[in-house]
Amino acid sequence: MDKQPVPAATKEIHIPQELGERLLKGDITLSEFLGLSTRTLYAIANLGHQMLKTGNFRGAVDVFRGLVAAAPYDSVFHTHLGAAYANLEQYDEAIEEYTKAVNYNYANPDALTGRGELLLRAGRIPEALHDLSEAVKHDKTGRRLSTQRARTMLTLLQRAAHTAKAEAKAAPAAKAAPAKAAAPKAAEKKSSEKHGHKKHETRAKK
């Protein structure tokens, strides 16, 4: 008779009461509780970033959701999670994550540009302009790709606004031009009719 494998003894995990209480109260993050270093977290984030670059957006969401759970105040992790959601067309979730990223770092140009693009897509023009302008403001050299996108969109929006303004200004003049052109013709017609009437009266007298 074959012997059944004996399961390995389950080791008990001892969690110091004080450490557990600090986690529950929010005094420490999950990464601090687990003893994960910043270096380890960013090594994991690099894997998630590679997933973003290769189009594995679902996988990236899973990675960065875990990272924001472990380090909830890290602006970069929220930014990448927002980007993953945006690529999956989950725009509300993306805006929420970008907003958290900006809350934890108001000078994060990647988060500002990402949120600005989505606000622009939603037709929330004033808010989008604010975010895009702030992104450019906090990266004046334009070394980041996100800031370059923000600068390009601002330029396009400004051109569109100038074009719309010029068209609105030209519209009344365009409407008035046919009326002005019609006025001399109407006067000429009236004069011609009056002159013809006089000739008819002259003939009648003869």
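The values are calculated or read from the model by the stated rules, or taken from the named source; none is laboratory data. Remember, it's a predicted structure, so these values are computed and weren't measured experimentally. FYI the Cβ positions are ideal-geometry reconstructions off the backbone, even for glycines, and counts take in every protein chain you see. Protein only, heavy atoms only, side chains kept; ligands, DNA and RNA dropped before computing areas. Shrake-Rupley method; radii C 1.70, N 1.55, O 1.52, S 1.80 Å.
Values as computed for the structure displayed
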{"item": "Residue in the range 120-147 that is most open to solvent (accessible area, probe 1.4 Å), counting only those that are of a type in the set (Lys, Arg) and closer than 15 Å to ASP110 by Cβ", "result": "ARG143"}
{"item": "ASP92 being modelled with pLDDT of 95 or more and either acidic (Asp, Glu) or surrounded by fewer than 21 Cβ atoms within 10 Å (Cβ to Cβ) (or both)", "result": "yes"}
{"item": "Elements of type helices (runs of 4 or more DSSP H) contained in the range 30-71, each with 2 or more residues being open to solvent by less than 40 Å² (accessible area, probe 1.4 Å), among the hydrophobic types (A, V, I, L, M, F, W, C) and at pLDDT 90 or above", "result": "38-54, 57-70"}
{"item": "Test result for GLY82, under 12 Å from the mean Cα position of the chain (by Cα), of a type in the set (Gly, Ala, Ser), closer than 23 Å to GLN148 by Cα and surrounded by 22 or more Cβ atoms within 10 Å (Cβ to Cβ)", "result": "yes"}
